[in-house]
1. Among bridges DSSP assigns within the range 3-202, what percent are antiparallel (round to 5)?
2. Pull up the cross-link candidates among the aspartates and glutamates for residue 69, meaning alpha carbon to alpha carbon under 14 Å and not fewer than 8 places away within one chain.
3. From the mean inverse distance of alpha carbon pairs (Kirkwood) and the Cα radius of gyration, derive Rg over Rh for the chain.
4. Fewest Cβ neighbours within 10 Å first, please rank 130, 165, 52 accordingly.
5. Please list the non-local residues whose amide H lies under 5 Å from the amide H of residue 76, H modeled 1.01 Å from N, same-chain partners needing a gap of 5 or more.
6. How are the C-alpha pair distances of the range 86-208 spread across 10 Å bins, as whole percents from the shortest bin up?
7. Tell me, in nm to one decimal, what length is gained between residue 158 and residue 44 on full extension, where the rule is 0.36 nm per residue of separation less the Cα-Cα distance?
8. Using Cα-Cα distances under 8 Å and only pairs 6 or more residues apart, what relative contact order does the range 151-203 have, in percent?
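Rule-based calculations on the coordinates, nothing more; no lab input. Here the structure is a predicted model, which is why all the values come from computation and not from measurement. Positions of Cβ are backbone-derived with ideal geometry, glycine not excepted, and every protein chain shown enters the neighbour counts.
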Amino acid sequence: MDKSQAEVTLKHYQKKFQKYGVDARSLSWAGKGAAHQRFRAIWKEIDFNNKSVLDVGCGFGEMARFLHKRYDNVKYTGVDIVPEFIQEAKKAHPYFDFECIDYFNNPMPEKFDVVMASGTLNSNLGGKNSAFREKAVKVMFDHTKKALVFNMLGGHPQPENDPKSNVWYADSLEVLEYCMSLTRRVVLRANYHPKDFTVFMYPVKRLP
Ligand SMILES: C[S@@+](CC[C@H](N)C(=O)[O-])C[C@H]1O[C@@H](n2cnc3c(N)ncnc32)[C@H](O)[C@@H]1O
């Protein structure tokens, strides 16, 4: 995502927030259930107890709410490009850290046990979607100590894309191939939604 694409993303979500306020529709979800369905696929695989967690594109911090409720000793940081979302997330979850940044262009230096991005890599950036998403996955994986998890709209075979749509469906096997060029320890979960998939990536320990 170059700076102008980040600006488009920011404006897109700010417009939605002006219309819907603190509501799943401001995050481009059909409803809260759509976000929760993705979260369930994530916590089937990841144990968040005693982990530092970075949530890239955290929105209002909905995942933070579950992490606080379901797990012990989670050190959570949520980042989002939209200042209004971060302001609301801070109000709703004062016990966690939130920062307003464009993570893919300006990642913070520190690494986290678990890095996650739910719904963050779905936008149609017009022609450069695969290249942007590969860069985004690499940036997140470079900041991961134990596990990176992200989801995307798409599947295999790749669902048809409408160039005018705000979202872009990925080919899950192309994404998987890219992820496997970074680590051989990868899980693809594509059993919870007809047009959404989740990838888990684990760094390979160096051989002595
Ligand atoms: C579909 S919403 C999902 C929000 C949240 N993860 C959830 O599931 O409720 C995608 C979020 O990613 C954020 N986002 C997109 N690009 C970003 C970037 N470069 N840096 C930080 N946040 C970004 C958007 O602002 C938006 O809040």
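1. The antiparallel proportion sits near 40 percent.
2. By straight Cα distance, residue 69 reaches 47.
3. Working: Rg = 16.0 Å, Rh = 17.2 Å.
Radius of gyration relative to Kirkwood radius: 0.93.
4. Working: 130 15, 165 11, 52 18.
The order, fewest Cβ neighbours first, is 165, 130, 52.
5. 53, 97
6. 12, 40, 33, 14, 1, 0
7. 38.6 nm
8. 38
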